[in-house]
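Shown next, in structure tokens, is the structure this report addresses.
The values are calculated or read from the model by the stated rules, or taken from the named source; none is laboratory data. No experiment lies behind these values; they were computed from the predicted model shown. Reconstructed Cβ throughout: ideal geometry from the backbone, glycine too, with neighbour counts over all protein chains shown. Note: areas computed on protein heavy atoms with side chains; ligands, DNA, RNA excluded. Shrake-Rupley method; radii C 1.70, N 1.55, O 1.52, S 1.80 Å.
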Amino acid sequence: MKRLFPFVFALVACVALFGCAHPISMNPNLQAITAPAGTQAINKQVGYHIPEALRQLQVISPGGGGDKVSYFPYRDLEPGFYKVLSETFRDVSKVQDPKNAAELSSRGIKLLITPEITTTSSSESLFTWPPTMFSVTLVCTVTDMAGQGLQTIRVVGNGNATFDEFKGNLSLAAVRASDDALAKLLKELTASAELRK
């Protein structure tokens, strides 16, 4: 029995240290991503680049009750990010190698957009694990084909959910934060005079 005690103690310590990471999704509501009525698309072909390592990046952040939540920010947000760009520009395509100037030129790409995503989550609940507060910071760097930076756009999306709401969707705060961030990004992009030059 005495030999078993150190093992049990180590196991309990690990559980206390790392907690339980519950999977959630940040997938936005794509139907809600629409440019304001009367907005004219920017007549440019653009590419966006998200490295594969970032698509596979799993983030673990605080939930409620001492637990944690896990999610994939770039993978979850990419469809919504693509929809925002599609609502803003004439044509959008994914770029695998942003340094391959010959390929970019052959595809007619004029601008390259690179997103950076950071998140926070928290909950005041001591008994339930889904986060009631979530934030998404989205920073987009826009460069031309010469590699010159034209504009950096930074938006912060916030999402809150109460216990009664997220009983039907445990990811609700994260989804609302994603929706808010993408709506703000769409507004900033469509209003940019620099990108319309």
Among the residues of the stretch 112-129, the number that are open to solvent by less than 30 Å² (accessible area, probe 1.4 Å) and in contact with a Gly (Cβ under 6 Å, 6 or more places away or on another chain) is 2
Quick check on Gly108: is it in a loop (DSSP other than H, G, I, E, B) and free of Cβ contacts under 8 Å to residues at least 24 places away in the same chain? no
- Just wondering, is there one or more residues in the stretch 77-98 that are surrounded by 15 or more Cβ atoms within 10 Å (Cβ to Cβ), out of contact with any Lys or Arg (no Cβ under 8 Å at 6 or more places or on another chain), touching a residue at least 60 places away in the same chain (Cβ under 8 Å) and farther than 18 Å from Ile33 by Cβ? no
Among residues of the stretch 26-70 being hydroxyl-bearing (Ser, Thr, Tyr) and either more than 27 Å from Thr143 (Cα to Cα) or surrounded by fewer than 19 Cβ atoms within 10 Å (Cβ to Cβ) (or both), the residue farthest from the chain's Cα centre (by Cα) is Thr39
Among residues of the stretch 149-169 being in a loop (DSSP other than H, G, I, E, B) and at pLDDT below 95, the residue least open to solvent (accessible area, probe 1.4 Å) is Asn169
